[in-house]
Amino acid sequence: MGVGMGGARAIGIDFGTTNSVIARASDWAHAEMIEYAAPDGPTSVFRSALCFWQDEAFRGGLAHEAGPWAIAEYLDFPQGSRFLQSFKSVAASASFEHANLFEKRLKFEELGQIFLTHLMQHGGDPMKDGPECVVVGRPVRYVGSRPDVALARRRYDAMFAMLGRPVHYVYEPLGAAYSFASRLSDPATLLVADFGGGTSDFSLVRVEAPGAARRCVPLASAGIGIAGDRFDYRIMDHLVLPLLGKGGTYRSFDKVLEIPAGHFTDFGDWSRLALMRNRRTLEQLARLKRSASDPAAIGRMITIVEQELGYALYEAVGQLKRALSTQTHANFRFADADLTIEADVSRAEFEAWIEPDLQRIGETVDTVLARAGLGVDQVDHVFLTGGSSLIPAVRRLFERRFGDGRLASGNELTSIAHGLALIGNAPDLHDWVVGEEDQD
């Protein structure tokens, strides 16, 4: 299958954990976003989500959609569908072999190809003629305690091969750096902090004056598998999971034991939560309910799994996180016919929950500076991008190090794709490309 963009020499694809964006560029200086006529209105941001349902009219009896259309299909019939989001987070996980979707087993690259097909097709007419090259963003460090970079590369290669064009991989924050450099008129050293759904990535770039033979030179990169999804899980862990039995006990013969934390692990990852609805897991939860000291709590967990409430639950979590970015207090509310969870949360509480994560992010910033051999005072601009860059505690982390005057933001969800497309037209494209052997 060869698909692409009319009139574009290069396209940049920001395949994100939470959202994906495509930009096209016909030269090294100008790029534009692809717009989608989504059910809720035009947007350039395509949710990284898939929905599957059984329909004999489709090949293999399995129908599917992606992005905003996947959300619409899921909301129309949640109990008859399987909804996956943030599946990028398992790209480097050797323990993930396939997703069980009704009678089908789909590997990561198969999920990726289905997603990419819809991503391109929903782009409409601008996507019909192929570009000369495709530039795809990749994390500096993949999600997971022991990410397998080589495995992720093979899966990405298989996923993007369907485009039928040369594919080049560039670190995501370098894409944002190249985009931001187009705003600058003087030489500068630039640090980009990209806060995605699964990872926080950092790159240092030297930007020369316009007209220089090499406008931008990458200096160093570093990353960590902590970002928006981890912050969401902190909310889940403090507000929701105790109501689902976490911290509770169960009886085993004549002993009372604490419920193993493993029962709640999948609630920390959207991609895994959606796969809990299978006979084996539900049978395990049913047995746990019979022996639990608080069977009603386990019953609430079963309700979430059986009724496919994961999307709605995490939407409520995301709404709280976004509200606390602009308010000092906010209300968390999740309501369904069989389950209601409500709590008032202060920004200070949320910041205390994510403080350990912020410390590790700060350490990663120190790492990228050390790799480049630069001190804090040698950085002229700090560009914060990605949704979680809007969290006040995240911004304060950089204010303390660099001062407010050096911080810049904007185009939080589109800057990476914009820069990737520009890099695709750069004469020094191969200086930006990540080799197969490269890893954080």
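The values are calculated or read from the model by the stated rules, or taken from the named source; none is laboratory data. These numbers were taken from a predicted model, which means no experiment stands behind them. Quick reminder, even Gly has a Cβ in these numbers, built from the backbone with ideal geometry, and neighbours come from all protein chains shown.
Results, tabulated for the structure shown:
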read-out	value
Some residue of segment 107-116 being polar (S, T, N, Q), free of Cβ contacts under 8 Å to residues at least 60 places away in the same chain and surrounded by 17 or more Cβ atoms within 10 Å (Cβ to Cβ)	yes
Matching residues, segment 332-350, being in a strand (DSSP E or B) and either hydroxyl-bearing (Ser, Thr, Tyr) or under 26 Å from the mean Cα position of the chain (by Cα) (or both)	Phe332, Arg333, Phe334, Ala335, Thr340, Ile341, Val345, Ser346
Any hit, segment 250-268, residues being modelled with pLDDT of 90 or more, over 25 Å from the mean Cα position of the chain (by Cα) and buried (at least 21 other Cβ atoms within 10 Å of the Cβ)	yes
Selection count, segment 234-264, where residues are of a type in the set (Asp, Glu) and touching a strand residue (DSSP E or B) at 6+ places or on another chain (Cβ under 9 Å)	1
Answer residue from segment 361-403, given it is assigned to a loop (DSSP other than H, G, I, E, B) and surrounded by 14 or more Cβ atoms within 10 Å (Cβ to Cβ) and is nearest to the chain's Cα centre (by Cα) among those	Gly386
Search result, residues across segment 328-344 that are of a type in the set (A, V, I, L, M) and surrounded by 16 or more Cβ atoms within 10 Å (Cβ to Cβ)	Ala330, Leu339, Ile341, Ala343
All positions within segment 8-34 that are closer than 14 Å to Gly123 by Cα and either in contact with a helix residue (DSSP H, G or I) (Cβ under 8 Å, 6 or more places away or on another chain) or at pLDDT 95 or above (or both)	Ala8, Ile11, Gly12, Ile13, Ser20, Val21, Ile22, Ala23, Arg24, Met33, Ile34
Selection within segment 35-80 - in a helix (DSSP H, G or I) and more than 16 Å from Ile114 (Cα to Cα)	Ala72, Tyr74, Leu75, Asp76, Pro78, Gln79, Gly80
Strands (runs of 3 or more DSSP E) lying entirely in segment 139-247 (those with 1 or more residues that are closer than 28 Å to Gln319 by Cβ)	188-195, 200-207, 216-224
